[in-house]
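Read-outs: derived from the displayed coordinates by stated rules, not from any lab. All values derive from a computational prediction rather than experimental measurement. For neighbour counting, all protein chains shown are included, and Cβ atoms are generated from backbone atoms with ideal geometry for every residue, glycine included.
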Amino acid sequence: VSSVAAGEPRAQRPGGPTRFEQKMQPGRAYEVSFLSIEIEGWTDLVERHSAGERLRALAGSFLELVRSTAHAYGGEIFHWGLRGGLVMFWTRRGYDHALMTGLKVLHNLPVFNLDPGQNPLGHPIQLRAAAHDAVIVFQLPVDQIRSDDLRFVVELQRESTEADELTIPRRLLERIDERLRPHFQFK
């Protein structure tokens, strides 16, 4: 269901402890939703723009776009690198919030690309995004959390999503708010 690493250090979560780290209890299972979102063709960008300062500025602006949009929908950065990463939504109906975040980031991308303060490369970037729900067993540090669903959402985004698309599995399509369904088509 779809809607229209090289040069990268080990991924991390920017900033201090998140709200979910403060509220969740280690060893306990939680149903959450993830949005996997990355800049399309990051390796090519690294090769073409070897003066890493502009790439770091782009990566920082992209992180801020995703973080601020996700925050408005109750999401928090879970795992992040220069090219993008994972946002976790852990409130009720988090999957709807993950989709709204992904759709809004994609909708705001043309303006992001026009602003040289946000995209200093001089040409537009494209994104790929995927959302999926998951059950995780919470533990600290969070980079030790493993889940088949977590791996699946990253694979869905990297392997089955075209540029400037948000992809979700059919299972998630059946659960989302009916107002979001028209934004997706079977693929």
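Tabulated data
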quantity	calculated
Computed helical MRE - 222 nm, the chain, DSSP H runs ≥ 4 contributing -39500 (n - 2.57), nearest 500	-11500 deg cm²/dmol
Relative contact order of the range 86-187, defined on C-alpha pairs under 8 angstrom at six or more residues apart (%)	28
Per-pair calculated FRET efficiency, R0 = 35 Å: Glu21 and Glu162 via Cβ, rounded to 0.05	0.55
Neighbourhood charge, 11 Å Cβ-Cβ cut-off, centred on Ala163 and excluding it, Lys, Arg +1 and Asp, Glu -1	-4
Relative packing of peptides 159-169, 82-92, 136-146 - highest average C-beta neighbours within 10 Å first	82-92, 159-169, 136-146
Of Asn108, Leu140, Val154, farthest towards positive along the dipole that unit charges on Lys, Arg, Asp, Glu beta carbons give the range 94-154	Asn108
Two-site label geometry, Arg151 and His107: point separation in nm, points 7 Å out along Cα→Cβ	3.5
Proximal charge balance of Gln126 [Cβ under 15 Å; K/R count +1, D/E count -1]	-2
The range 71-112, Rg to Rh (Cα coordinates; Rh as Kirkwood inverse mean 1/r)	0.99
Glu53 versus Arg92: modelled label distance in nm, points set 7 Å from Cα along the beta carbon direction	5.0
Shape call, the range 92-140: gyration tensor on alpha carbons, a/c limit 1.5	prolate
Rough spin-label spacing in nm, given labels placed 7 Å along Cα→Cβ, for Thr43 and Arg179	4.1
The chain: C-alpha gyration tensor shape, a/c 1.5 cut-off, then a/b vs b/c	oblate
Residue-count net charge about Ile39 - beta-carbon cut-off 9 Å; Lys, Arg +1, Asp, Glu -1	0
